[in-house]
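The values are calculated or read from the model by the stated rules, or taken from the named source; none is laboratory data. Treat the numbers as computed from the prediction; the structure is a model and nothing was measured. Note: ideal-geometry Cβ built from the backbone for every residue, glycine included; neighbour counts use all protein chains shown. Surface areas here come from the heavy atoms of the whole protein model, side chains and all, with no ligands, DNA or RNA. Shrake-Rupley method; radii C 1.70, N 1.55, O 1.52, S 1.80 Å.
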Amino acid sequence: LKVQINLRQQCASAETQAVRDSKIRLTLSHATPVGTQQVPVELRGRVKSAITGVPRQIDFGRFPATATVAPRVVPLRSLISLRELTVSVDGPSVGAELKPGDAGRWELHVRPLATAVVGRHTANVILTPTAAGERVPPTRLPVAFDVLHDIQPDAPLIPLGSGRVGETLTGTLTVRSLSGRAFSPPTCEGAGLSVAVESASPAGYTLRLSRV
């Protein structure tokens with residue numbers, strides 16, 4: 001039986017010790033002629049970290065395509081003697097830059113790129129330490145965010161209810177600009193559907209929709 005464990009994920013920690021004891025408890029299941037048998041296993045060892053300060057994830061949340069999002073600044077510190085620390089990104093929508101500070105310290109600047117299109121974006125910032133005479137595995141920092149259209153409705157569905165033949169059904173919908181910019185009143189298309197502006201503000205409208 002061969003078991004492969006990703007210790008870089010299992011032993012992730014915010015502790016600032018270069019070397020620390022670690023314990024991992026696992027339950028292995030295997031089929032036998034009489035059913036499934038579970039075997040508890042405990043792994044003990046020592047974990048060596050090269051840098052500290054890396055968060056588990058950076059989530060920029062949701063923002064409009066017209067927004068300028070400030071970068072996240074992550075202070076990093078080496079726990080062992082490093083010759084070099086480099087950064088790369090495995091996706092086209094995220095930028096990352098390392099700015100050196102005092103000896104053994106850096107600032108990692110992570111930001112969404114302005115070229116990111118509307119939709120969900122994920123990427124990994126990869127920090128690769130280099131130590132003299134020692135192989136040090138890279139550290140991956142997941143990054144996620146959602147880019148939205150600037151004009152957004154307050155609800156995905158407008159319930160008009162049900163009515164008798166010839167009866168007019170109405171509902172309201174508010175649309176606004178997430179960036180606060182002015183825009184023209186939207187129009188609606190649909191058989192028997194009409195729209196009128198009920199109220200207006202500098203960055204949005206409340207519309208009354210009617211259908212016969």
> Restricting attention to region 38-71, which residues are open to solvent by 90 Å² or more (accessible area, probe 1.4 Å) and more than 24 Å from ALA103 (Cβ to Cβ)?
Replying inline: GLN38, PRO40, ARG44, ARG46, ARG56, GLN57, ARG62, THR68
> How about region 163-199: which of its residues are of a type in the set (A, V, I, L, M), surrounded by fewer than 12 Cβ atoms within 10 Å (Cβ to Cβ) and closer than 30 Å to GLY61 by Cβ?
Replying inline: ALA182
>> Checking the conditions here, which among ALA96, ALA70 is in contact with a strand residue (DSSP E or B) (Cβ under 6 Å, 6 or more places away or on another chain), modelled with pLDDT of 85 or more and within 30 Å of SER177 (Cα to Cα)?
In response: ALA96
> Taking into account only those residues within region 75-99 that are hydroxyl-bearing (Ser, Thr, Tyr) and either part of a loop (DSSP other than H, G, I, E, B) or crowded, with 17+ Cβ neighbours inside 10 Å (or both), which is farthest from the chain's Cα centre (by Cα)?
Replying inline: SER81
